[in-house]
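Peer 1: Pasting in a structure now, in structure tokens, and then I'll have a few things to ask.
The values are calculated or read from the model by the stated rules, or taken from the named source; none is laboratory data. Values in this document were obtained by computation on a predicted structure and should not be read as measured data. Every residue, glycine as well, gets a Cβ built from its backbone with ideal geometry; the counts of neighbours run over all protein chains shown. Just so you know, the surface numbers come from the protein's heavy atoms only, side chains and all, with ligands and any DNA or RNA stripped out. Shrake-Rupley method; radii C 1.70, N 1.55, O 1.52, S 1.80 Å.
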Amino acid sequence: MSGDLSAAGSPQGASAPLGGSEHTSVPSVEAKPLARYSAYRRVGDIVYLSGVIPVDPAAGRIVRGYADIPPEAAERIGRTGEFSSDVKEGPILAQSWSVLDMIRQTVESAGGQMADVFKLVQYFRNLDHFPLYSRVRRQFFPGEPPVSTVVEVSGLMPTADVLIEVEATARIPSK
């Protein structure tokens, strides 16, 4: 896949874009750290990303549901329009999309693409969220998924509203 992650470029054959560069609540280049650390660090051909949480630093807010991501992304990941379903599943699905899209943008800013990501470490406040996250992850990794570690934690920064954090490692040859 290249540049903008779009369903047209995926083997699944859908046509709605997954990326959200035209949406103001999605960072335009890479995940921006909320504290004094790097979004990523390159060591040779290996690029290590810091943990990414579902926060839009430009707007200063945590992604809490479908309203905080581009509408086409919300539709692709499962927004039903049914209040009871969307309130229950929307937060983890939207946060999963937000985190994976920020990883995509960061990997692209380092000169790579999602296919270059070979390892993910996923931290959840509730492991029951993993199947919903996994559904979103398949849209960003339609082929062979990266190797993964899944960990349940008691809390994530900066508040209890953050349900997920993901670290990624990619091999992106230096140019």
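Peer 1: Could you tell me the largest-minus-smallest coordinate of the C-alpha atoms of the stretch 65-171 on each of the three principal axes, in descending order and whole angstroms?
Peer 2: Sorted from largest, the Cα extents of the stretch 65-171 read 41, 32, 24 Å.
Peer 1: Suppose R0 equals 22 Å. What FRET efficiency, 1/(1 + (r/R0)^6) with r the Cβ-Cβ distance, do Glu144 and Ile46 give to the nearest 0.05? Before the final figure, lay out the partial values.
Peer 2: Details: r = 19 Å, r/R0 = 0.84.
Here the calculated transfer efficiency is 0.75.
Peer 1: Which order do Met157, Met102 take by accessible area at a 1.4 Å probe, largest first?
Peer 2: The residues order as Met157, Met102, largest area first.
Peer 1: Further question on the same structure: What does DSSP give for the stretch 53-175 in terms of the percent of beta bridges that are antiparallel, rounded to the nearest 5?
Peer 2: Working: 9 of 15 bridges.
Approximately 60 percent, going by the DSSP bridge assignments.
Peer 1: Here is a follow-up. Rolling a 1.4 angstrom probe over the protein chains, ignoring ligands and nucleic acids, what is the accessible area of Tyr40 in square angstrom, nearest 10?
Peer 2: We get 70 Å² for Tyr40.
Peer 1: Something else about it: So who's got an amide H within less than 5 Å of the one on Ala59, skipping anything under 5 residues away but keeping other chains? H placed 1.01 Å off N, in plane.
Peer 2: Close amide H contacts, sequence-distant or interchain: none at all.
Peer 1: Turning to a different aspect of this structure: What is the spread of the Cα atoms of the stretch 109-175 along each of their three principal axes, largest first, in whole Å?
Peer 2: For the stretch 109-175, the Cα extents along the three principal axes come out at 40, 24, 16 Å.
Peer 1: Pairs of Cα atoms under 8 Å, at least six residues apart: use those to get the relative contact order of the stretch 75-163, whole percent.
Peer 2: Numbers: 78 pairs, mean separation 28.8, N = 89.
After rounding, I find 32 percent.
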